[in-house]
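This report refers to the structure that appears directly beneath it.
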Amino acid sequence: MLAIGALCAAPASADTTVRDTSAGDLTVTSATPSSGQLERQAAAFWNPGISLDQKVAVSRGGAKARPALAKVMEFSKVYDFLSAKARVNGVSVKGDTATATMSAVVVGFPANTATYHYVREGGLWKFDWKANCQSMSCTGNPNFGY
């Protein structure tokens with residue numbers, strides 16, 4: 001499902017545990033974000049202690065994406081419980097778009113690997129959940145409002 005695939009890649013940086021992130025990790029503004037920055041951002045997205053409002057702010061479509069994101073986030077508590085980690089394998093930046101290959105590591109074992117997609121709006125890198133969902137073969141074709 002989208003949630004496990006959301007923490008995606010193979011090691012190029014240290015694994016970032018969901019519970020070891022903060023809301024500040026969601027904000028990535030570097031013109032060429034590093035693997036570590038995107039890894040922390042992805043892990044922070046799945047941190048149940050960070051508000052949905054803050055996650056919506058770093059998602060393409062913003063408030064329009066909120067209903068679909070709220071459904072996805074229903075599962076986020078289990079990632080903290082299972083000590084889920086994000087692991088980035090590589091980042092590609094082309095202008096105002098980027099991709100990062102990521103893997104979820106759950107209870108110490110690699111889970112899913114997927115490509116995360118990003119768009120840069122107003123200097124802020126945002127998750128492109130519509131593209132992410134296509135990459136992860138999401139169930140139910142969620143509507144992210146764009």
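Key figures
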{"read-out": "Some residue of segment 111-119 being modelled with pLDDT under 90 and polar (S, T, N, Q)", "value": "yes"}
{"read-out": "Only listed residue being at pLDDT 95 or above, more than 19 Å from residue 129 (Cβ to Cβ), more than 11 Å from the chain's Cα centre (by Cα) and not polar (S, T, N, Q), chosen from 95, 49", "value": "95"}
{"read-out": "Within segment 94-113, tally of residues that are within 22 Å of residue 57 (Cβ to Cβ) and buried (at least 17 other Cβ atoms within 10 Å of the Cβ)", "value": "4"}
{"read-out": "Residue among 100, 84, 114 that alone is touching a His at 6+ places or on another chain (Cβ under 9 Å) and within 24 Å of residue 142 (Cα to Cα)", "value": "100"}
{"read-out": "Matching option when the condition is over 12 Å from the mean Cα position of the chain (by Cα), at pLDDT below 95 and under 22 Å from residue 144 (Cβ atoms), among 23, 68, 3, 42", "value": "68"}
{"read-out": "Residue tally, condition over 17 Å from residue 87 (Cβ atoms) and small (Gly, Ala, Ser), over segment 22-41", "value": "5"}
{"read-out": "Residue count for segment 114-146, restricted to those that are within 11 Å of residue 60 (Cα to Cα) and among the aliphatic types (A, V, I, L, M)", "value": "3"}
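The values are calculated or read from the model by the stated rules, or taken from the named source; none is laboratory data. Predicted model only: the values in this text are computed from it and were never measured. No Cβ is skipped: glycine too gets one built from the backbone with ideal geometry, and neighbour counts run over all protein chains shown.
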